[in-house]
Every structure is written in structure tokens, then in C-alpha cells.
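S.K.: Structure provided below as C-alpha cells; questions to follow.
The values are calculated or read from the model by the stated rules, or taken from the named source; none is laboratory data. This one's a predicted model, so the numbers in the text were calculated from it and none came from an experiment. With ideal geometry, Cβ positions are generated from the backbone for all residues, glycine too; neighbour counts draw on all protein chains shown. Each accessible area value is taken on the protein alone, full model and side chains, heavy atoms only, with ligands, DNA and RNA left out. Shrake-Rupley method; radii C 1.70, N 1.55, O 1.52, S 1.80 Å.
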Amino acid sequence: MATMASLSLNSLPTQPPSQHIRNKLIDTSPPSASLNLGNGTLKPIVISGDPPTFVSAPGRRIVAVGDLHGDLAKAKSALELAGVLSSDGQDTWTGQETVLVQLGDILDRGEDEIAILSLLRSLQIQAKEHGGAVFQVNGNHETMNVEGDFRYVDSGAFDECSDFLEYLDDCGHNWDDAFASWAEVSETWKEQRKLSQSSWGPWNLVKRQKGVIARSVLLRPGGPLASELARHPVVLKVDDWVFCHGGLLPHHVTYGIERINNEVSKWMINVSEEDDAESQIPFIATRGYDSVVWNRLYSRDTDDLEDYHIEQIQSILDSTLQVVGAKAMVVGHTPQTTGVNCKYNCSIWRVDVGMSSGVLDSRPEVLEIRGNKTRVIRSESDTFSELQAADYV
């Protein structure tokens with residue numbers, strides 16, 4: 001019980017790991033002003049907004065990875081498939097100047113959530129050194145957990161939260177060090193925990209309560225892991241492609257995508273415009289069937305839709321893209337049993353393939369974007385055939 005008491009809500013700082021100046025431009029290129037990659041000189045990546053909202057990444061290869069849901073092994077397989085992660089177990093960035101975008105829903109349904117977040121942070125740091133970049137957009141399972149909705153949390157994920165808080169304590173509560181290195185040590189902690197497992201019912205109940213408390217400490221608004229998630233946008237526009245978890249609608253764009261990102265971020269770090277009030281949950285982004293993280297309009301199966309319904313959806317999508325100034329949208333959220341695919345004249349790409357063992361346990365697939373061309377990469381053996389079969393201009 002003493003261990004549980006040490007996990008009180010006051011045991012960790014309520015401020016985010018670090019604060020940034022909003023709306024600043026961030027150059028993610030190496031020290032040199034530009035990159036000479038043999039095939040020409042690339043201009044630096046420029047990011048506008050905090051969380052990032054608009055990204056200029058001229059000449060870059062872009063890869064999009066869908067929902068990961070706590071499955072570290074599948075996440076690594078997808079990243080290796082995308083050509084951005086080494087296969088030697090050293091978790092080294094191999095993407096050079098590539099821009100990686102992960103479409104959210106890292107949390108829930110799997111037991112290695114913090115490890116995946118830690119891995120992506122490590123890759124983000126490494127990518128910057130090579131002129132590349134790593135971005136994440138928050139999904140509905142990220143916002144649900146910050147709200148305290150733990151209905152879809154795997155029992156192993158509660159244990160990971162407990163282990164991570166102990167590891168954070170071992171690191172002297174240095175958040176950046178502990179978070180960035182957790183992916184390297186999490187498997188060892190998991191193995192040690194399983195060796196000490198007990199079949200005694202009361203002890204397992206205590207352990208579960210400890211995990212729930214740990215998760216609440218980490219993910220409540222203002223908690224350190226919620227503040228980490230606050231670094232990431234809900235909507236991200238990279239050149240003329242827009243990325244979000246569920247789907248962007250015209251009224252979202254009218255409201256303002258940078259405004260949406262800022263409001264969600266402030267809610268997650270528990271910063272309100274009023275000093276004496278808590279930040280309110282941004283309804284337009286996180287609540288309701290037509291919110292940015294919950295919308296399934298573009299990702300539903302069209303086989304059972306009437307022609308006029310399809311035309312309506314096409315019109316809504318075209319209007320959204322026109323207003324936001326993009327030629328196509330990439331979404332996750334709804335598992336695609338046929339794999340990564342596009343609809344509506346390929347102006348919407350659906351990249352959630354349900355790869356996590358907690359969802360469909362399907363093989364990883366990723367979307368690659370190079371200028372005006374896209375391709376689905378399913379495995380190293382069929383990369384070439386996919387280039388021929390799914391090459392869209």
C-alpha cells in the first residue's frame with residue numbers, strides 16, 4: 001500500500017515537460033543551410049505552429065503509418081517497412097530526409113504504449129539530425145485517455161504505467177531522459193514484472209489499482225504524459241497533403257485548424273485563458289461523431305452506399321480540401337480489411353489496417369508519397385509490384 005500512496009496525484013509536476021513559443025517557425029534541417037543528397041539540393045523543412053500545423057517539406061519523401069494500438073513489435077515492423085527504422089534492434093533512424101507521419105491511436109488495446117511513444121520521440125530527434133522529421137497526430141484514443149476514459153486499456157498497459165513511473169523515479173524525475181530511453185529498457189522491465197507475478201487474487205487487485213493510479217497520474221490534463229501528447233497536433237498539413245485521425249470537414253477548416261490544435265493542446269496541458277479555470281474539452285475536435293478524431297465519413301465502406309450518398313461525400317471532401325488548400329487527405333481510425341486504400345478519386349487515403357494484435361493482428365502496411373505519386377508498401381518482397389499496381393498521379 002505504501003507504493004500506491006507514493007503514486008498520488010501530487011507526486012509529479014503538473015507543468016508540461018517543456019513549453020514552446022506558439023506560431024514560431026522551426027528549421028529542422030542539419031547545421032548546413034541545405035541538404036545536398038546527390039540528386040539535388042533540398043530546402044530545409046519549416047514548421048509553423050506549436051503544436052505543428054503547417055509543414056513545408058519540399059522534395060521530401062513522406063510516409064504515413066496508421067493506428068498502432070500498443071503493439072510495439074508491429075510498430076517496429078511498420079517503421080522498418082517504411083524504411084525509417086533499422087532492423088538490427090538498435091532503433092536507429094534510417095530514413096535520412098524522409099518525413100514520417102503517424103496517424104494516432106497509439107494508446108489502448110496493447111501493452112507497449114509508452115514504449116511506442118518513446119521510440120517515436122527517439123526517431124524524431126535522430127531524424128532532425130539527418131534533415132528528416134517525425135510527426136504524430138493525436139487520435140480519439142489519446143483524447144479519451146486524457147479524459148480519463150480507460151475502457152479500452154490493456155491490463156499490460158496499466159502495468160507499463162506503473163513500471164514507467166518507477167523508472168522515472170530511478171531517473172531522478174528527469175522526464176526527457178526517462179521518456180526518451182524507455183523504449184530501450186521497457187522489455188527488461190516487463191520481463192522482470194512477469195517473473196514476479198503472483199496468482200494471489202488480493203495482490204493482483206492491488207497491482208491493478210496501482211496501475212490505474214499511475215495511468216491517471218500520467219495522463220490527466222496537466223500530467224506529464226498528457227503534456228507529451230500536447231506536443232502533437234490533431235490536424236497536420238504537410239505541403240499539399242493533410243493528415244488527421246478521423247477526418248476533416250468544412251466546418252473544422254472554417255473554425256481554424258491551428259485554433260483546433262491549440263485548443264486541444266491547452267486542454268491536455270490544462271492551461272486555460274482564465275487563470276482560475278480549467279481548460280475545457282474542445283468539442284469540435286474530440287467529441288461527437290463528426291469531430292476531427294471520431295469522424296468516419298470518409299473511411300466507411302462504400303459498397304452499401306447509394307450513388308447519391310457517395311456523391312454527397314465526394315462533394316464534402318472536395319469542399320474541405322479546397323478550403324484547406326490540399327489535394328488529398330490521409331486518415332486512420334477505421335480498420336481497412338483490404339489494406340491501405342484510397343477512395344473518391346484517390347483524394348482520401350485510409351491507412352489504418354488494424355495491424356495491432358489487439359485489433360485485427362494484420363500485417364503492417366504503409367503509404368508512401370513522393371511528389372504527385374503514391375504507393376502502398378506491404379512488404380519488402382512486393383514493394384515493386386505495389387509501385388506498379390498502386391501508382392497514382
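S.K.: Non-local amide H neighbours of N138 (under 5 Å, H modeled in plane, Pro and chain starts lacking H): which ones?
M.R.: V234
S.K.: Any idea of the accessible area per residue across the stretch 150-228, 1.4 Å probe, to the nearest Å²?
M.R.: 47 Å²
S.K.: Applying a 10 Å radius around every beta-carbon, put 79-90, 231-242 in order of their mean neighbour count, most first.
M.R.: 231-242, 79-90
S.K.: While we're on this one: How big is the charge dipole of the stretch 46-384 about its Cα centre, in debye rounded to the nearest 20, if each Lys and Arg gets +1 on its Cβ and each Asp and Glu gets -1 on its Cβ?
M.R.: Here the stretch 46-384 has a charge dipole of around 460 debye.
S.K.: Once you charge only the Cβ atoms, +1 for Lys and Arg and -1 for Asp and Glu, what is the size of the charge dipole of the stretch 109-234 about its Cα centre, to the nearest 20 debye?
M.R.: Using only the charged Cβ atoms, the result is roughly 380 debye.
S.K.: Which percent of the Cα-Cα distances in the stretch 46-384 go past 28 Å?
M.R.: I get 40 percent for the Cα pairs in the stretch 46-384 exceeding 28 Å.
S.K.: Give me the distance between the Cα centres of the stretch 198-271 and the stretch 70-127, rounded to whole Å.
M.R.: Centre-to-centre (Cα) distance: 18 Å.
S.K.: Shifting gears a bit: Among all lysine pairs in the stretch 46-384 that are eight or more places apart or on different chains, how many have alpha carbons less than 16 angstrom apart?
M.R.: Lysine pair count for the stretch 46-384: 8.
S.K.: If you don't mind, another one. For the stretch 46-384, which whole percent of the accessible surface, found with a 1.4 angstrom probe, sits on carbon and sulfur atoms?
M.R.: 48 percent
S.K.: Could I ask something else about it? Report L123's accessible area, 1.4 Å probe, all protein chains in place, as a number in Å² to the nearest 10.
M.R.: 0 Å²
S.K.: Starting from the amide H of V271, placed 1.01 Å from N in the peptide plane, find each other amide H under 5 Å away whose residue is 5 or more places distant or on another chain.
M.R.: Under 5 Å from the amide H of V271 lie the amide H atoms of S279, each far enough along the sequence or on another chain.
S.K.: Please compute the length gained on full extension between S87 and I281, using 0.36 nm multiplied by the number of residues separating them and subtracting their Cα-Cα distance.
M.R.: Full extension from S87 to I281 adds 65.8 nm.
S.K.: Further question: Per residue of the stretch 331-347, what does 6.51 cos²θ - 1.76 cosθ + 1.60 with θ = phi - 60° give for ³J(HN,Hα)? Whole Hz please, x for Gly and Pro, Karplus curve as stated.
M.R.: 10, x, 6, 10, x, 9, 5, 8, x, 4, 8, 10, 9, 6, 6, 6, 8
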